[in-house]
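Data first, discussion second: the structure below is written as structure tokens.
The values are calculated or read from the model by the stated rules, or taken from the named source; none is laboratory data. Quick caveat, the model's predicted, so the values are computed rather than measured. Ideal geometry is used to build each Cβ from the backbone, glycine not excepted, and the neighbour counts take in all protein chains shown.
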Amino acid sequence: MSTLSAFARREWGPLYSTLRTAVVTEKWRAVPMTLGAVCLTAFFQLVQNQSWGFGPVRDIGFVKADDPLWVALLRTPLSLFVPALDLPVWGALAQVLVVFGIAEICLGGWRTLAIAYVSTLAGTTYARIGISLGPDHVLGLPASDAQVVDTGPSAAVIGLALFVCWRHHAWFTASLVIASMIVEVLVKNNLAGKEHLTAILAVFAVIGMSAQRRRRRRRLQRSRTAGRSGAPPIRS
């Protein structure tokens, strides 16, 4: 039992401390963007189920690979908050509330949105490339996938979960996220699963850039500290 407790503290301790401090001190004020996203998702669900509302929601939030690129780019920001038609809305609401909320506390609202959109755009971009490659290519997709509506927060949720795990060194949890997406593709082998893997690759790229920026910042700080102390700068 002590081994399990030690693992839990090592895996989730830093993340728990960050979340607990924010929730205790700020409560719901810690996640204003997340609350707005939950309300927007619920609003789109309500509107698209009305006889008069499906068309407008489709026109501003449905993205397909055969859409003109400029149309897809304009629709992508809102498509993230349009629940998928073939899935229960409570799943989308729970994903946004939990994962977006954790990410907003750990990363801040703007960075959370940026990573969410990078993940979503990576998936939709892959759909276009995969269809152009064709079903005979190892990375290709059948032409029928061009008509698949790409909505919902799933790719963004996966990307955010992975980035938060990296920031808080939750390596086992990150491995589970990646493994579950691989299993999804092996079991279903559909467009959504492949978009999720593409989102993971995009977040890996973001993580690489963030890690490089952190290393440069640390080297600069060491150089400044050494300069103030009169010692020669430390070379890494």
Next item on the list: Would you please list the contacts, defined by Cβ atoms under 6 Å and residues six or more apart or on different chains, that run from a residue in region 159-178 that is at negative phi and part of a helix (DSSP H, G or I) to a residue that is surrounded by 22 or more Cβ atoms within 10 Å (Cβ to Cβ) and hydroxyl-bearing (Ser, Thr, Tyr)?
Entry: Gly159/Ser119
Note to self: What's the number of the only condition in (1) polar (S, T, N, Q); (2) under 21 Å from the mean Cα position of the chain (by Cα); (3) surrounded by fewer than 20 Cβ atoms within 10 Å (Cβ to Cβ) that Asn49 fails to meet?
What the structure shows: (2)
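Tell me which residues, restricted to region 1-13, are surrounded by 11 or more Cβ atoms within 10 Å (Cβ to Cβ) and not acidic (Asp, Glu). Break it down stepwise before answering.
We begin by selecting, within region 1-13, every residue surrounded by 11 or more Cβ atoms within 10 Å (Cβ to Cβ); these are 6-13.
Ala6, Phe7, Ala8, Arg9, Arg10, Trp12, Gly13, listed by residue number.
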Next item on the list: List every residue pair whose Cβ atoms sit under 7 Å apart, with the two residues 6 or more apart in sequence or on different chains, where the first one lies in region 202-221 and is part of a helix (DSSP H, G or I) and the second, anywhere, is aliphatic (A, V, I, L, M).
Entry: Ala202/Val118; Ala202/Ala122; Val203/Ile115; Val203/Leu162; Val206/Ile115; Val206/Val118
Notebook entry, point to check: Is one or more of the residues making up region 75-89 surrounded by fewer than 14 Cβ atoms within 10 Å (Cβ to Cβ) and more than 20 Å from the chain's Cα centre (by Cα)?
Noted result: yes
Checklist line | Candidates Arg167, Arg128 - the one that is closer than 20 Å to Val96 by Cβ, among the basic types (Lys, Arg) and modelled with pLDDT of 90 or more | finding: Arg167
Notebook entry, point to check: With respect to the numbered conditions (1) at pLDDT below 95; (2) surrounded by 16 or more Cβ atoms within 10 Å (Cβ to Cβ); (3) within 20 Å of the chain's Cα centre (by Cα), which one is the sole condition not fulfilled by Ala103?
Noted result: (1)
Margin query: When the residues of region 11-51 are narrowed to those that are without any contact (Cβ under 8 Å) to a residue 12 or more places away in the chain and of a type in the set (D, E, K, R), which ends up nearest to His169 (Cα to Cα)?
Written below: Arg20
Next item on the list: Might you let me know whether region 140-147 holds any residue that is farther than 23 Å from Leu162 by Cβ, surrounded by fewer than 14 Cβ atoms within 10 Å (Cβ to Cβ) and touching a residue at least 24 places away in the same chain (Cβ under 8 Å)?
Entry: yes
Notebook entry, point to check: Does region 160-174 include one or more residues that are surrounded by fewer than 18 Cβ atoms within 10 Å (Cβ to Cβ) and touching an Asp or Glu at 6+ places or on another chain (Cβ under 6 Å)?
Noted result: yes
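If a residue must be of a type outside the set (Gly, Ala, Ser) and either closer than 30 Å to Arg10 by Cα or modelled with pLDDT of 95 or more (or both), how many such residues does region 131-164 contain? Walk me through it before giving the result.
First pass over region 131-164, keeping only residues of a type outside the set (Gly, Ala, Ser): 131, 133, 135-139, 141-142, 145, 147-151, 153, 157-158, 160, 162-164.
With the extra rule that they be either closer than 30 Å to Arg10 by Cα or modelled with pLDDT of 95 or more (or both), the set shrinks to 153, 157-158, 160, 162-164.
Summing the residues that are of a type outside the set (Gly, Ala, Ser) and either closer than 30 Å to Arg10 by Cα or modelled with pLDDT of 95 or more (or both) in region 131-164 gives 7.
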Next item on the list: Please go through region 14-32 and pick out each residue that is surrounded by 16 or more Cβ atoms within 10 Å (Cβ to Cβ) and part of a helix (DSSP H, G or I).
Entry: Leu15, Thr18, Leu19, Ala22, Ala30
